[in-house]
Amino acid sequence: MTDIAACGKGEDKAGEAYWTGLWKDRPLPKSVLHDDPIISEHFTRAWKALFKQALEGVPAGSTLLEIGCSGSPWLPYCHHAHGLRVRGLDYSEIGCEQARAVLARDKAPGEVVCADFFAPPPELRGSHDAVISIGVVEHFTDTAGCLRAFAEFLRPGGVMLTIIPNLSGLLGMLQKRLNRPVYDLHVILNREKLAAAHRDAGLTVVSCEYFMFANSGVLVPCGPKDRPSRRWLMQRFQNRLGGMTEFLWAREERGWRLPPNVFTSPYVVCVARKPAPAA
């Protein structure tokens with residue numbers, strides 16, 4: 001098994017204090033267990049389809065770990081929809097408390113461990129059939145080293161689903177212009193770079209693609225220290241973007257083909273597998 005300490009992890013551009021400050025005053029996310037036909041839930045339906053595709057071949061009863069699980073609604077979803085035994089890992093205690101609260105609210109059994117994924121409890125390594133992360137790896141300057149640490153949690157043949165924001169296109173341009181401090185917390189990764197980092201981590205890439213045509217909710221246009229007048233202005237701007245996003249979602253619901261692409265897509269998604277050891 002790889003010595004993670006020897007791999008190096010690069011700089012954590014956000015850090016535990018940032019995430020704790022972000023999560024401490026945030027309400028629990030809405031449950032994603034129930035299907036709602038309204039247009040604003042187009043996002044949730046798209047993500048459910050993504051999970052169904054990525055986890056195809058992972059049988060019920062398998063173990064799934066979400067790294068960076070703060071307040072995640074997807075742990076209970078993976079339990080109820082896919083029959084998986086779920087576990088979360090995060091280094092923010094407040095984030096872990098929120099993840100536990102979501103599991104309890106959605107009546108899903110699961111364990112949440114507060115630890116650094118570079119130095120986890122030893123029994124967590126090599127004990128999962130699937131590992132997912134949403135908005136984690138792009139905060140570490142050594143992307144491959146971060147993914148290599150994730151792979152340590154997988155059994156041979158296990159699947160890894162990595163989701164990051166696509167800041168290499170329009171949303172990145174807006175984020176950089178409107179709120180540079182948040183932009184600077186990210187390593188900018190396009191599809192090719194994310195796939196290459198998985199390969200450098202020793203994983204076999206199944207697919208690496210841009211995901212969805214649009215979602216302005218990825219944008220963080222202002223910070224907590226901004227003046228009230230600017231926060232009001234940015235909220236109006238984001239509301240307008242949200243209206244445009246829902247207009248596009250409504251067209252997709254009616255059968256328009258709006259292809260994911262490097263410029264407008266809000267996410268990059270990579271599905272990879274941990275190779276089995278050579279005989």
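The values are calculated or read from the model by the stated rules, or taken from the named source; none is laboratory data. Quick caveat, the model's predicted, so the values are computed rather than measured. Quick reminder, even Gly has a Cβ in these numbers, built from the backbone with ideal geometry, and neighbours come from all protein chains shown.
Observations
- Some residue of the range 7-15 being over 18 Å from residue 136 (Cα atoms), out of contact with any Ser or Thr (no Cβ under 8 Å at 6 or more places or on another chain) and at pLDDT 95 or above: no
- Looking at 233, 258, 194, just one residue is under 17 Å from residue 50 (Cβ atoms), part of a helix (DSSP H, G or I) and not hydroxyl-bearing (Ser, Thr, Tyr), and that residue is 194.
- Extreme residue, nearest to the chain's Cα centre (by Cα), among residues of the range 30-75 that are closer than 21 Å to residue 160 by Cα and among the acidic types (Asp, Glu): 66
- Note on the range 165-184: among residues that are touching a residue at least 60 places away in the same chain (Cβ under 8 Å) and in contact with a Phe, Trp or Tyr (Cβ under 7 Å, 6 or more places away or on another chain), the one that is nearest to residue 66 (Cα to Cα) is 165.
- Of the residues contained in the range 38-45, none is found to be among the small types (Gly, Ala, Ser), surrounded by fewer than 17 Cβ atoms within 10 Å (Cβ to Cβ) and either in contact with a His (Cβ under 7 Å, 6 or more places away or on another chain) or at positive phi (or both).
- Looking across the range 88-101 at every residue that is in contact (Cβ under 8 Å) with a residue 40 or more places away in the chain and surrounded by fewer than 21 Cβ atoms within 10 Å (Cβ to Cβ), the one that is nearest to residue 48 (Cα to Cα) is identified as 101.
- A search for C-beta distances below 6 Å between a residue of the range 40-59 that is touching a residue at least 12 places away in the same chain (Cβ under 8 Å) and any residue that is crowded, with 16+ Cβ neighbours inside 10 Å and assigned to a helix (DSSP H, G or I), counting only pairs 6+ apart in sequence or on different chains, returns 42/249; 55/82.
- Residue within the range 132-141 that is more than 20 Å from residue 22 (Cα to Cα), among the small types (Gly, Ala, Ser), touching a residue at least 60 places away in the same chain (Cβ under 8 Å) and crowded, with 19+ Cβ neighbours inside 10 Å present: no
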